[in-house]
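> This is the structure, below, for whatever I ask next.
The values are calculated or read from the model by the stated rules, or taken from the named source; none is laboratory data. This structure is a prediction, so every number in the text was calculated from the model and none was measured. Ideal geometry is used to build each Cβ from the backbone, glycine not excepted, and the neighbour counts take in all protein chains shown. Heavy atoms of the whole protein, side chains included, go into the accessibility calculation; ligands, DNA and RNA do not. Shrake-Rupley method; radii C 1.70, N 1.55, O 1.52, S 1.80 Å.
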Amino acid sequence: MYSDKIEQLIAKKNKEKIVMLTCYDYSFAHILNETAIDAVLVGDSLANVVLGLDRTKSLSFREMHAHTKAVSRAVHRALVIADMPYCAYQRNPGKAYEYARKLIDDAGAHAVKLEWFSRCPQVAEQLVRKQIPVMGHIGLTPQTVDKLGGFKVQGKDLQSARRLKEQARILEDLGVFAIVFECIPQEVTQTLTRAVKIPTIGIGSGKWCDGQILVLYDLLGIYPGRRPKFVKTFENLDVRIQQAVAEYVKEVKGLSFPGEEHSFLLNPEILQKIQKYL
Ligand code: KIV
């Protein structure tokens, strides 16, 4: 029913951890393509980390489409999943199929991701029925963060943990191929991961999920905004970039860059003519 790439991802449940990262542009996608990453999410965190907006809800479809296309051009091995922007399904669920189709047929994604909201089951059902592979996303869902009372851990009491279990089961029954769990206590994700047959991918949800995802710019330490507790910065690339730029400034001001090896030189005959007649 699914493509080979999706079947391979599903087959990793209970065998090996699934590793995912977000990615938003061609150059980073090219780098990730040379790594062992299983799947790349063109996340709507694009709104925050690339476009400097304060809410993912503000992302336009055109922006998501363009960035998905850029990432798909470079990622050939891993699965590419495009986040559906809020405007493409929550604002108008009737348009969800049309937008999802564009992200797959035109922008090159293999699947789309939907955050949970009141009409998520209807949208997921429609997309799956029409052969669009869907990844779900429950727990802290930033597109509807106002309804959750802010950026807070979800599933901290019996009632809300039960709600999450119900959402995970509904999504599984509808045929989504995996679910992102965001900011859920690890004891709850352990139970929920056992309760569904499809892979669960955690962010801020502990070690029991079938896989993990992080925002690439958080892992590399280049996003200047809020850094939640669950983020591990594996590299301080911001400092290394600043050092490289400081070196560049020094060389330009000190006249050591560009050198001849970075310049185009004329052949001496033409040079003579140019010096005479130009
Ligand atoms: O957009 C994003 O970065 C996400 C991840 C946090 C899962 O949805």
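> Using only Cα atoms, locate the centre of the stretch 212-231 and the centre of the stretch 189-209, then give the distance between them in Å, rounded to an integer.
Computed from Cα coordinates, the inter-centre distance equals 20 Å.
> Note the direction-averaged projected area, equal to a quarter of the hull surface, for the Cα convex hull of the stretch 1-97, in nm².
7.2 nm²
> Largest first and in whole Å, what are the equivalent-ellipsoid semi-axes of the stretch 176-231 based on the Cα gyration tensor, each being the root of 5 times an eigenvalue?
Values for the stretch 176-231, descending: 24, 12, 7 Å.
> Sticking with this one: Please list 162-173, 106-117, 133-144, 230-241 highest first by mean number of surrounding beta-carbon atoms within 10 Å per residue. Kindly include the intermediate steps, with their values, before the conclusion.
Working: 162-173: 17.2, 106-117: 22.2, 133-144: 24.8, 230-241: 13.3.
Highest to lowest by the protection proxy: 133-144, 106-117, 162-173, 230-241.
> Which value, in Å to one decimal place, does the Kirkwood hydrodynamic radius take for the stretch 71-119 when every pair of different Cα atoms is included?
That comes to 11.3 Å for the stretch 71-119.
> Find the accessible area per residue for the chain; the probe is 1.4 Å, ligands and nucleic acids are left out, and the unit is Å².
54 Å²
> With the cut-off at 1.5 for a/c, could you classify the stretch 4-235 from its C-alpha gyration tensor as rounded, prolate or oblate?
On the way: a/c = 1.21, a/b = 1.12, b/c = 1.08.
Cα axes put the stretch 4-235 in the rounded bin.
> Which listed residue (VAL176, VAL40, ALA70) has the Cα farthest towards the positive end of the charge dipole for the chain, taking +1 on Lys and Arg C-beta and -1 on Asp and Glu C-beta about the Cα centre?
Of VAL176, VAL40, ALA70, it is VAL176.
> Can I ask one more? Given Cβ point charges of +1 (Lys, Arg) and -1 (Asp, Glu) and nothing else, what value in debye, to the nearest 20, does the dipole of the chain about its Cα centre take?
780 debye
> Where in the chain are the DSSP H helices whose alpha-carbon span along the long axis reaches 15 Å or more and whose Kyte-Doolittle mean is at least -1.0?
Result, helices passing both filters: 61-74, 158-174, 237-253.
> Let me ask you something else. Could the peptides 62-69, 267-274, 211-218, 49-56 be put in order, highest first, of the mean number of other beta-carbon atoms found within 10 Å of their residues?
With the highest mean Cβ count within 10 Å placed first, the list reads 211-218, 62-69, 49-56, 267-274.
> Express in whole angstrom the spacing between the alpha-carbon centres of the stretch 82-105 and the stretch 146-171.
For the stretch 82-105 versus the stretch 146-171, the Cα centre distance is 24 Å.
> Using a Cα-Cα cut-off of under 18 Å, which aspartates and glutamates could be cross-linked to LYS12, ignoring same-chain neighbours fewer than 8 residues away?
Answer for LYS12, where 18 Å is the Cα cut-off: ASP4, ASP38, GLU172, ASP210, listed by chain and number.
> At 0.890 mPa s and 25 °C, plugging the Kirkwood radius over alpha-carbon pairs of the stretch 107-240 into Stokes-Einstein gives what diffusion coefficient in µm²/s?
Translational D for this selection: 158 µm²/s.
> Okay, next question. Calculate what fraction, in whole %, of the accessible area of the stretch 4-235 sits on carbon and sulfur atoms when a 1.4 Å probe is rolled over the protein chains.
Accessible surface attributable to carbon and sulfur in the stretch 4-235 totals 51 percent.
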